[in-house]
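Here's the structure we're looking at; comments come further down.
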2 protein chains.
Amino acid sequence: KQDVEDSYLNQGVKEDTSEDTSEDPWQDEEYFGSYGTLRLQLEMLSDRARTEAYRQVILTNSAPLKGKVVMDLGCGTGVISLFCARLAQPKAVYAVEASSIAEHTETLVRQNGCEEVVTVFQGRAEELELPGTVDILISEWMGNCLLFEFMVESVLQARDRWLREGGMMWPSGASLCLVPCQALDYYTERMVFWEQPYGLDFTALQSLAQSEFFSRPRFSHLLKPEDCLATPCDVITLDMLTLHVTDLEKLRGQFTFIVEKAGTFHGFTSWFRVQFQSLERDKTTLELL
Amino acid sequence: KQDVEDSYLNQGVKEDTSEDTSEDPWQDEEYFGSYGTLRLQLEMLSDRARTEAYRQVILTNSAPLKGKVVMDLGCGTGVISLFCARLAQPKAVYAVEASSIAEHTETLVRQNGCEEVVTVFQGRAEELELPGTVDILISEWMGNCLLFEFMVESVLQARDRWLREGGMMWPSGASLCLVPCQALDYYTERMVFWEQPYGLDFTALQSLAQSEFFSRPRFSHLLKPEDCLATPCDVITLDMLTLHVTDLEKLRGQFTFIVEKAGTFHGFTSWFRVQFQSLERDKTTLELL
Ligand SMILES: [Ca+2]
Ligand SMILES: [Ca+2]
């Protein structure tokens, strides 16, 4: 296993200075509409660590990928499908996308000379009609706190209908990680701030500040390793080959943290970790944090 | 006049990395609702340059402010009213606020020991009933591109009803500034990006990128002096004492730019400048950029 935890913690997601003003775009009503389509794609593509992890998985598995049939579910611009077609020699790649970006995906496939291998299917996973089963189902379905977007449900449905017996899921496993942490800068800017702005006493606003700034999860928080108050733990771990849709309704996790460090506990930070099992037994499993 | 242009250009507004996801909160339906109230107040209060400018105006005019009646229109948390009461000796300050933050403003006034001087009036400027006319109307009404929010209309109506003959407006003047500029980083991240992400050709998405990322104004852009392609010009200049509500409908500006510098023209950046005329003739006018 490749451990990149520290680099993740430091580089992480860009600090979102206006975080509370923007809803998670994926939770948007317009999810399947055309507005903002490219912004979402750019978000994924600009996440170099994430996109590179998929590229790496394909590259390191290029030999066993030869002749295989791959489904790329929620393909977006088709970047993962194109990686497959260009870095390996699969028999076919089915690039599936529900949103209107699919109209452009086909053009991109042609422009990159992959139309012999990659076929774009526009439609929801649930209504999908493919030429046949697939050997590998690859998807970038992870959202905030791993499960937001709830695209995982579509992935499992597609798996049950189209993945051949003994086929591979990429990612093959996923974990939701949790750690108690301090967030001193964020807390200071939004809570301590009212204590004496411009020499005035605005403490009367602190309870309002607490409910306005601290009652909902904050996405895109950059966690520094030194702000972790304990060792992170995996609260939920999913095996993408055996997980059932019905399991999702009763997911439960347990955690125990031993805080051995001084600091102020401001909340929990969660992130996810996914594993990509090699197509060849006993080969390295790639991990993305 | 105090010129702080360079510091403004450099410090400016924080780079908003997720800009397109967040609408201008002031344009929001919830403008007068309670949700997000504090966020908007924090935005203003955290803009140290802006809040300090109001504080400075009051401080440098503390002698002539003595015994005067002041209206603070759209007072928010009441910070400007509190500056008046604490840094000068006005006869009375009428703190007017339409949004629900007003419920808290009264508490803040008491907690800062200013309840003898400052009275909070919750309601819209148009329906305002004050004890009498005022000597000074002070307001932080400026929005994006100076006029967005269109709060200026309420300010003018309040002026016509409540400012005494010969009274003072703060700001007393305002200008909308414009400059042709380049925005290479922003352009590269959103347009050049598609040329070869991960070795692929995604140029087919550039026209979509152009319409998605470049068809609407971008708020909170940080302009570096070296990105200005010409000398900025004042396109619109408002005299807050003589401006009429009807003038707002036919505002027009002219501009001529002489570009004497090499660079790529990506668009125009606009910002505003406001002046605060001293209450004593011939004294320095304070300017906020
Ligand atoms: Ca995702
Ligand atoms: Ca404003």
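Values in this text are rule-based calculations from the coordinates and carry no lab data. The shown structure was predicted, so the numbers you read here are calculated from the model rather than taken from an experiment. Here the Cβ positions follow ideal geometry from the backbone for every residue, glycine too, while neighbour counts run over all protein chains shown.
Helix-only estimate, please: 222 nm mean residue ellipticity of chain A, summing -39500 (n - 2.57) across DSSP H runs of length 4 or more and dividing by its residues, to the nearest 500.
When only DSSP H runs of four or more count, the value is -7500 deg cm²/dmol.
Where nothing but the Cβ of Lys and Arg (+1) and of Asp and Glu (-1) is charged, how large is the charge dipole of the protein assembly as shown around its Cα centre, in debye to the nearest 20? Walk me through the numbers before you get to the answer.
Numbers: 50 positive and 90 negative charges, 158 e Å.
My answer is approximately 760 debye.
Enter the per residue convex hull volume of the range A:175-289, computed from alpha-carbon coordinates, in Å³ rounded to the nearest integer.
Residue-normalised Cα hull volume stands at 152 Å³.
Output, in nm with one decimal and in ascending order, the distances from the A:GLU226 label point to the matching label points of the other copies (7 Å from Cα along Cα-to-Cβ).
List, nearest first: 3.1 nm.
Tally the DSSP beta bridges in the protein assembly as shown and give the antiparallel ones as a percent, rounded to 5.
Bridges in the protein assembly as shown are about 55 percent antiparallel.
Of the residues A:ALA230, A:ALA174, A:ALA102, which exhibits the maximal mean-square fluctuation in a Gaussian network model of chain A defined by a 10 Å Cα contact cut-off?
Fluctuation is largest for A:ALA230.
At 7 angstrom along the Cα-to-beta-carbon line, where would the label on B:GLN122 sit relative to the other copies? Give the distances in nm, shortest first.
List, nearest first: 5.1 nm.
Any idea what angle helix B:48-60 forms with the longest principal axis of chain B, computed on alpha-carbon atoms, 0 to 90 degrees, nearest 10?
So the helix axis and the longest Cα principal axis differ by about 30 degrees.
For helix B:37-46, what angle does its Cα long axis make with the longest principal axis of chain B, in degrees from 0 to 90 and rounded to 10?
Helix B:37-46 sits at roughly 80 degrees to that axis.
Quick check of the Kirkwood formula: for the range B:44-85, what is the inverse mean of 1/r over all pairs of different Cα atoms, in Å?
Result for the range B:44-85, one decimal place: 10.8 Å.
Could you list A:MET191, A:MET169 so that the one with the fewest beta carbons within 10 Å of its beta carbon is first and the one with the most is last?
A:MET191, A:MET169
What is the average number of partner chain Cβ atoms found within 10 Å of a Cβ in A:49-56? Walk me through the numbers before you get to the answer.
On the way: counts 0, 0, 2, 1, 0, 1, 2, 0.
Partner Cβ neighbours, averaged per residue: 1.
Taking 28 Å as the cut-off for C-alpha to C-alpha distance, list the pairs among B:LYS68/B:LYS250; B:LYS261/B:LYS283; B:LYS68/B:LYS283 that go past it.
Exceeds cut-off: B:LYS68/B:LYS250; B:LYS261/B:LYS283.
Report the gain in length on full extension from B:GLN122 to B:ARG218: 0.36 nm times residue separation, minus Cα-Cα distance, nm rounded to one decimal.
Full extension from B:GLN122 to B:ARG218 adds 31.3 nm.
Just the number, please: percent antiparallel of the DSSP beta bridges in the range A:56-151, rounded to the nearest 5.
5 percent
Averaged across the residues of A:193-204, what count of C-beta atoms belonging to other chains lies within 10 Å of each residue's C-beta?
6
Using the 7 Å Cα-to-Cβ label point, sort the distances from A:THR242 to its equivalents in the other copies shortest first and give them in nm to one decimal.
In ascending order, 8.3 nm.
Direction-averaged shadow area of the convex hull around the Cα atoms of the range B:236-289, nm²?
Numbers: hull surface 24.9 nm².
It is 6.2 nm².
At 1.567 mPa s and 4 °C, plugging the Kirkwood radius over alpha-carbon pairs of the protein assembly as shown into Stokes-Einstein gives what diffusion coefficient in µm²/s?
47 µm²/s
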